[in-house]
Each structure stands twice: as C-alpha cells, then as structure tokens.
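Peer 1: Have a look at this one.
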C-alpha cells in the first residue's frame, strides 16, 4: 500500500517559533488557518490523480477548525483523508533554535508508523502541506520500491549556512557523532520530502531514538547540533547508506515571489510536485478559494489541461502576468510596512 501524507503540528501558547512566510504568531488562529487551507489544497490536488492510495493527515490538534463556515473534518472526509492524531513527543527545549520548532514532529509521525504498521513493504510519502500535485506520482513510488527509499538534495553551496549549519559544518558534526572520518562533504536532503518503506522507517526511527538524547546533551553544553529535521534526516540517511536521487521531474522547491527571490524555470511545468513556500498566503490561497471554498467538487470536473492552466495562472509558473506581478509588489510592500510598524511598537514598549 502506498500512503500520501502531510501534517500539521500546532504550536501552543508560550511555545511559538518563527515561520517567516506567514508573518503571524504561530500559536494564533490566523497562522494555523493558513496551514489548514494549504493541507486541504494538498489533498484535493493529490486526490485528483490518486484514487487508490491511502491519504493521511497527521496532527497534534485534537480540534479541527471551521473555515469559512465549513468544517475541515467534513472536507477531509469528502476527500477520503484519514486523520491521525499523535502527540508532539520530540519537542526541542526553549532556546534550542528559533525557527520552525515543530519540524521535529516528523519523528512523532515515524514513531506512529513503526508502532501501527508492520507491513514492511508499505511506502509513506510525507510532504509539507504547502506542496501541490500537478500530475500522478505512481512512477515516484515505483522508483522508490527497489531500495525502499528515495530522496532529493538541496543543491546549495557547501559553505552556505542554512538553519545554523553549512554542509561543511554537517561534515564535522557527522564525524563527531559517528567517531570516524567522513571523506566527502555530505548532501543536505530536502526536508519537505520523505519517501521510505516501513522497513526503512523502522531503521531510521531506531537510529533517531539513539541520536535524540545526544542532541539534547549537545544543546545543554552549547555544542554544535542538528537544528531541524532535514539536517537530522540527512545524517540518518548517511548513516544507513541511503543515497539521494538526481532526478528532477518529481519535486522542486519553487520560489515564486519576484520581490525577494524567484527561481522559476520553463521546465517546472513538467515537475509532478511543486513545493511553494512563498505562496502560502498568495497563490495557494487563491487556489484554495477556487478549488475548495467555491467549488462543489474540488475542481475534479476540470480537464487536466484546464487544471494545469489554473495552477499556472494563479501561481505565475512559468511566467507572471502583469496583474499578478503588481499584486506581489503591493502585498510585499504592505507586509514590510506592517512588520516595521510592529517592530517600532515592540521597541517602544521595551524602552519604557
């Protein structure tokens, strides 16, 4: 059985961390509703192409919200999505790292799979909720089957620091953790993508349980450590000899905003899974309105060509329309002004 999954781990009051793309307090309803809309769109675009695969939502939130007068629980049921509640067990302590604190929730998901699925050949594709499907991914599952694994790397420079570590730093940390030389600069696997068999999930989670106390110890002593799940998984993949794929047709992290950074290429229209971090409150919200809120059938009645055109038009892939480009600039300017005003208010209060 193949499972297509995403997750939502809600931060509690007092346990917030920074999520730059939303600009909202992570324990607040406004921030969390952004992610609920994204995951509904995720499942709607996946269900369009995948009728027989299992679809799972993992969440620590025991209460599913109502969006625009419609219960999320009803929408997920319509899309044949099973909701799996699991606690966020592997929380990092205060001061561990300031960004994306809930990323370690993925290991609570892996723990659940290990405990509840003994079918070694089942495969789980776990993606971030700001991903959408543009076509079926049956070939992706087939590609993963021989090894029970497939992953992709960020083509970043070895000296580039991402979430507190460069790949050079990761090499040194790998050596400290393993007690043996690492001959090459390791790759940095994309954290938004996870596809393993149950058999390999058991291996990865076993090694994580050994690693977790060491990460806590290193934090307590101010030593270098993995700050998020992608760095952690990259090490666990390395430890088990799992190599990344060089295929480019399955997944791309696409930055679409012309104000800050844009890496869109004409070939992106052929990629099966688009990860769209900067579109949570822009294009993905527009698609949510059209495919979820204002649609009776999640856009399933559209031809594949019409569906593709809808994605391209609302996300500006591969090209931005003039009106869409103007919208980006206006909204980005407005948010920059609002953020500056918040900082001024905060600094003014601090000075009192």
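The values are calculated or read from the model by the stated rules, or taken from the named source; none is laboratory data. Keep in mind that what you see is a predicted model, and the values were worked out from it rather than measured. Every residue, glycine among them, receives a Cβ derived from its backbone with ideal geometry; neighbour counts consider all protein chains shown.
Peer 1: Please indicate, with yes or no, whether at least one residue in segment 136-156 is assigned to a loop (DSSP other than H, G, I, E, B), under 17 Å from residue 234 (Cβ atoms) and without any contact (Cβ under 8 Å) to a residue 24 or more places away in the chain. I'd like the intermediate steps shown before the answer.
Peer 2: Here is the first cut: in segment 136-156, the residues assigned to a loop (DSSP other than H, G, I, E, B) are 136-137, 145-148, 151-152, 154-156.
Subsequent filtering for residues that are under 17 Å from residue 234 (Cβ atoms) retains 147, 151-152, 154-156.
Next, only the ones that are without any contact (Cβ under 8 Å) to a residue 24 or more places away in the chain stay: 155.
Checked segment 136-156: at least one residue is assigned to a loop (DSSP other than H, G, I, E, B), under 17 Å from residue 234 (Cβ atoms) and without any contact (Cβ under 8 Å) to a residue 24 or more places away in the chain.
Peer 1: Right, another one. Given the structure, is residue 79 touching a helix residue (DSSP H, G or I) at 6+ places or on another chain (Cβ under 6 Å), at pLDDT 95 or above, farther than 30 Å from residue 217 by Cβ and surrounded by 16 or more Cβ atoms within 10 Å (Cβ to Cβ)?
Peer 2: yes
Peer 1: Of the numbered conditions (1) outside any helix (DSSP H, G or I); (2) more than 27 Å from residue 95 (Cα to Cα), residue 187 fails exactly one; give the number of that condition.
Peer 2: Status for residue 187: all satisfied but (2).
Peer 1: Hey, could you check segment 68-106 for residues that are in contact (Cβ under 8 Å) with a residue 60 or more places away in the chain and in a strand (DSSP E or B) and say which is farthest from the chain's Cα centre (by Cα)?
Peer 2: Residue satisfying both the conditions and the ranking: 70.
Peer 1: Taking residue 211 as the residue in question, decide whether it is farther than 20 Å from residue 176 by Cβ and either in contact with a strand residue (DSSP E or B) (Cβ under 9 Å, 6 or more places away or on another chain) or assigned to a helix (DSSP H, G or I) (or both).
Peer 2: Details: farther than 20 Å from residue 176 by Cβ: no; either in contact with a strand residue (DSSP E or B) (Cβ under 9 Å, 6 or more places away or on another chain) or assigned to a helix (DSSP H, G or I) (or both): yes.
In short, no.
Peer 1: Something else: Name the pairs: first residue in segment 223-235 and over 12 Å from residue 208 (Cβ atoms), second residue assigned to a helix (DSSP H, G or I), Cβ to Cβ under 6 Å, at least 6 apart or on different chains?
Peer 2: Sorted first by the residue in segment 223-235, then by its partner, the pairs are 224/173; 225/215; 225/218; 225/219; 228/103.
Yes/no matrix, rows are residues, columns are (1) under 15 Å from residue 85 (Cβ atoms); (2) in a loop (DSSP other than H, G, I, E, B); (3) touching a helix residue (DSSP H, G or I) at 6+ places or on another chain (Cβ under 6 Å); (4) at pLDDT 95 or above:
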{"site": "3", "(1), (2), (3), (4)": "no, no, no, yes"}
{"site": "10", "(1), (2), (3), (4)": "yes, yes, yes, no"}
{"site": "16", "(1), (2), (3), (4)": "no, yes, no, no"}
{"site": "31", "(1), (2), (3), (4)": "no, no, no, no"}
{"site": "37", "(1), (2), (3), (4)": "no, no, yes, yes"}
{"site": "47", "(1), (2), (3), (4)": "no, no, no, yes"}
{"site": "62", "(1), (2), (3), (4)": "yes, yes, no, no"}
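Peer 1: Listed residues 203, 195; which is closer than 24 Å to residue 2 by Cβ, in a strand (DSSP E or B) and modelled with pLDDT of 95 or more? Reasoning before the result, please.
Peer 2: Values: 203 fails: in a strand (DSSP E or B).
Selected residue: 195, the only one of 203, 195 that is closer than 24 Å to residue 2 by Cβ, in a strand (DSSP E or B) and modelled with pLDDT of 95 or more.
Peer 1: Which numbered condition trips up residue 241, out of (1) surrounded by 14 or more Cβ atoms within 10 Å (Cβ to Cβ); (2) at positive phi?
Peer 2: Evaluating residue 241 over (1) surrounded by 14 or more Cβ atoms within 10 Å (Cβ to Cβ); (2) at positive phi leaves (1) as the failure.
Peer 1: Residues of segment 254-274 being surrounded by fewer than 20 Cβ atoms within 10 Å (Cβ to Cβ) and not in a loop (DSSP other than H, G, I, E, B), which ones?
Peer 2: Scanning segment 254-274 gives 266, 267, 268, 269, 270.
Peer 1: Tell me whether segment 118-135 contains one or more residues that are more than 15 Å from the chain's Cα centre (by Cα), over 20 Å from residue 275 (Cα atoms), outside any loop (DSSP other than H, G, I, E, B) and at pLDDT 95 or above. Break it down stepwise before answering.
Peer 2: Restricting attention to segment 118-135, the residues satisfying the condition of being more than 15 Å from the chain's Cα centre (by Cα) are 118-123, 134-135.
Filter once more, so that each one left must be over 20 Å from residue 275 (Cα atoms): 118-123.
When the remaining residues are screened for being outside any loop (DSSP other than H, G, I, E, B), the result is 123.
Filter once more, keeping what is at pLDDT 95 or above: 123.
Yes, segment 118-135 contains at least one residue that is more than 15 Å from the chain's Cα centre (by Cα), over 20 Å from residue 275 (Cα atoms), outside any loop (DSSP other than H, G, I, E, B) and at pLDDT 95 or above.
Peer 1: Could you run through segment 80-105 and say how many residues are in contact with a strand residue (DSSP E or B) (Cβ under 7 Å, 6 or more places away or on another chain) and within 30 Å of residue 48 (Cβ to Cβ)? Steps first, answer last, please.
Peer 2: From segment 80-105, those in contact with a strand residue (DSSP E or B) (Cβ under 7 Å, 6 or more places away or on another chain) are 80-86, 98-99, 105; that's our starting set.
Still in the running and within 30 Å of residue 48 (Cβ to Cβ): 80-86, 105.
The total comes to 8.
Peer 1: Collect the residues in segment 206-228 that are closer than 25 Å to residue 118 by Cα and crowded, with 20+ Cβ neighbours inside 10 Å, keeping them in residue-number order. It would help to see each step written out before you state the result.
Peer 2: The initial filter retains those residues of segment 206-228 that are closer than 25 Å to residue 118 by Cα, namely 206-212.
Across segment 206-228, the qualifying residue is only 208.
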